[in-house]
Amino acid sequence: MTRAESIPVAELGEVQAKAELARLAQEIALHDAHYHQRDAPVISDSEYDALRQRNTAIEARFPHLQRADSPSLRVGGAVLDGFEKSTHARPMLSLNNAFSDGDVADFCISIRKFLGLDPDEPLHFSAEPKIDGVSATLRYEDGIFVSGATRGDGFTGENISENLRTLHDIPLALKGGDLPRVIDVRGEVYISHNEFAELNQRQEAQGKPVFMNPRNAAAGSLRQLDPAITAQRPLRFFAYAWGEISVLPADTQMGVINKFKDWGLPTNPAIQRCKDLDEMLAAYKQFEQERATLGYDIDGVVYKIDRLDLQERLGFRTNSPRWAIAHKFPAELAQTVLEAIEIQVGRTGALTPVAKLRPVTVGGVVVSNATLHNEDEIKRKDARIGDTVLVRRAGDVIPQIVEVVLDKRTADSVPFVFPVICPVCGSHAVREEDGKTGKQDVVRRCTGGLVCPAQAVERLRHFVSRDAFDIEGLGEQNVQLLFDANLIKNPADIFRLNRKIEDVKKAFLKKREDDALEREERTGKKRKKILDESKRTFKEIENLISSIEARREIDLERFIYALGIRHVGQNNARLLAKNYHSFANFHAGMKGAYTRDSESSQDLLAIDGVGAALVEALIEFFSEPQNDKVITALLDEVTVRDFVAPAAASPVAGMTIVFTGAMEKMSRDEAKARAQSLGAKVAGSVSAKTDIVIAGADAGSKLKKARDLGIKILGEDEWLAVIDQRD
Ligand code: IVH
C-alpha cells in the first residue's frame, strides 16, 4: 500500500487526507518547537515550507477537515477593523505589592490571622518570577482554544484571539485525557532579551521605529489589527493562573501548574515551593541574582498560597487576591538635571509640582518628567532648579526623584518657592486643615472650584471620558471649545446642548475660522471655502448630539465614577454601586453620612475596601451645595440604571447582614469577606433594613435589638449551612 504522505494532494481520498492533516499538524508543531523554542531547526526552510504548503493544499481541497490545531491557523487570518470587547467570566485582577522583606512578613502574618492558623501550622507558598510582559487570558473548551483576550480594566478586555493564535507557545489544542470542559488559562505574553534585540535590529533595518523595551514591544505586537504582523513577532507565553474552570485538576497551585504543563501549556520551570518566610525570601534573593541571566524581563517575585482551599477561603479584595502578593525588585536609578518645576492644576484643584528633567534613560526608558508629589516633598528634598538629581523608575510607576546630589549643587542655587495662588485662575491656593488632628493637608488646592478653568475643564473631560459617560466626539479640544464659548460650564449643560444647536454651530465655526486664519498667517496657504468647512462642521455637531443622546441612560458605577469625587476611581465606584444598587439609595446614604447619621457612616465603613479617606472624600463632596446642584440638574437630564450584579444568584445576594458576637469557625474578617463575595451587604449596626443577624458567642445588644425588630437570627453553624448551599 502506498503511504499517504507520498500521494499527491489531488489524488488523496478523504480518509487519507484526514490522516495526512493529523500527521502534518504534529510534524509542523514539532519543527516549530525545534525552531522557536530550541532555536535549533532540524530540517531546511524549504523542507519546512513544503510541509506547510501541503497542509494548506489539502485543507483547500477538504475545508471541512481542517483541524482545530491546524498550523495554518497560526499565520494570521483577516485584518480586523478593531477589537471587540470581551468580558472576563472571572475578573483578571492585579496583585498587591511588597517592597521589603517586612512587607512579605506582614503578608504571611495577616494571612495566618485571617485564616485563624496557629503559628506552627504549615503554610506553603509558590514563589514565581513575576514576568514583565502583558497578561492575557486563553479560553479552552473541550481542550480547544476558542478565544483569548487582553486584561483591559480587569473586567473587560479586548478580544485578540486571532493574534494569540499566532503564538507558537500557545497550544491550539490541549493534550491529555483529563481536560476540564472549560478553562480560562491566564498568563503573560513576553519577548525574550535575545529576540527583542533581533526584533529591533530588523525594525531598524526596515526603517521602522524601534521599541523601548520588551514589554512595550509585546504589548504593541498583541494589539496589531493585522494578525500576520503579530505572527512575525517573537512572542512567548507563560501560563501561571486561571479564571473560570469547570473542574480543578489538583488541590494546590503547584499541582495545577504541573497539570498545565502536562496539557502542553508552557509553564515557568523556575517556580519553587516554599515552606515558610525564610524560604520565600531565599527564593527572592535567588531570582534577583538570576535576573540578568534568565533571558527575559522580570520585575519581582509572586508568592501564592499553595493550597487552593485556603486560596478560596482568603478570596479577593476589590482589585487583588488576598492569597498572593508581588515582591518587587528595587527600581533602577539614573542621574540627571532638574531643569524646571512646573505646577499643574488637576481636576480636583490640587497643585502638583512636576519636575522637568534633562532627558535620561532609566531602565531602558527615556524619562523627562518626574513627580515631586507636593510642596512638603520639595522642601524635604530641598529640590532646586538646576540641581543634579537621582531619578528612579519602577515598572509603570511615574518616575520619582529620589534625592538631590548635593555635591553637584551650584553656589547660586536658591530654594524653590511654592506658589500660593493658582497658576491657572489666580484664586488663592490653600492647604486644608484636618478638623480632628489640626494637621495641614499635604496638598495645596485652588479654591476656584468650578470657576477655575483648569478644574472645570478637567472635570468635564473626566465626566465624558471613556470609563465615565463615554461621549464620542467630545474629546479634549471640543470640551475646551464649548467651555470657552460658555456653552458647557457644568456636566448637566452637556445634555442641554441639543437645545442650543445654533450657538454650538456658531462656536464651532468661529473656532474653525480662527484656526484657518492662524494657519493662513503661519503658512501662507489660502483658507478653504467656508462653505465646505461649515458642512463638515454641521455633520460633526449632528454626530456629537446623537452620541450625547445615546448616553442619557448610564450604569450606576459609571455615573458615580463620572462625578470625579476624590478617591473614587473605577474600583471604588464599582464597589459603591455594588453595595448601594441604586443612585437614590446611594445618594440617601451619602446624605445620611455627612449629616453624621452614624448608621449611614457605619454602613459605608462596613463595606470591605472602604477606608476613612474615601469616607471623608464622599462626605466632603456630598456636603458641598454646589455639587448637589450639579447632581440635581444632571438627574433632570439623565437616567441612572441600577447596578446589576454579574455573579450568579446566591442565597444572600442583595441582603443586608450584621455579624455580632464571636465567630468560632472563621475570623470576623473572613466571615465578612465571604458574605460580601456572595453579594450581601455587611452593615455595622442592626436596623429595620437588616435582613439577617448572625449571632456568635456572647452576642449582646445587637442581638437584643434584632429580636425586638423581629429580624431573622442565625447561629454560626446555621449561617455556614446557608452559604454552603451554593457549592
Ligand atoms: S498571578 C490573581 N503570577 O503581574 C492573580 N501574575 O501585578 C493574577 N504577572 O496582572 C496574577 N508574572 O500580568 C501572576 N507568576 C505570575 C506573574 C504575574 C507576572 C503579572 C500579571 C498580573 C500582574 C500583577
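Just so it is clear, none of the values below were taken in a lab; they were calculated from the coordinates. Values in this document were obtained by computation on a predicted structure and should not be read as measured data. Cβ coordinates were reconstructed from backbone atoms using ideal geometry, including for glycine residues, and neighbour counts include every protein chain displayed.
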Cα-Cα over 25 Å, subset of K275/K328; K500/K629; K85/K259; K356/K379; K439/K629; K578/K689: K85/K259; K439/K629
Orientation-averaged projected area, Cα convex hull of region 215-321 (nm²): 9.1
Amide H partners (placed H, <5 Å) of V302, local residues excluded: E128, K130, H327
Cα-only radius of gyration and Dmax that characterise the chain, units Å: 29.9, 94
Qualifying aspartates and glutamates (Cα of each under 16 Å from Cα of K511; at least 8 residues distant if same chain): E476, D484, E502, D503, E520, E521, D532, E533, E540
Positive minus negative residues near T230 (Lys, Arg vs Asp, Glu; Cβ under 12 Å): +2
Test item: Cα-centred dipole of region 634-727, Lys/Arg +1 and Asp/Glu -1 on Cβ, debye: 240
Karplus 3J(HN,Hα) series, Hz, for region 49-61 with 6.51 cos²θ - 1.76 cosθ + 1.60 (x for Gly, Pro): 4, 5, 4, 5, 4, 5, 4, 5, 5, 5, 5, 5, 6
Relative contact order (%) - the chain, alpha-carbon pairs under 8 angstrom, separation at least six: 9
Sum of side-chain charges, C422 neighbourhood, beta-carbon under 10 Å (Lys, Arg +1; Asp, Glu -1): +2
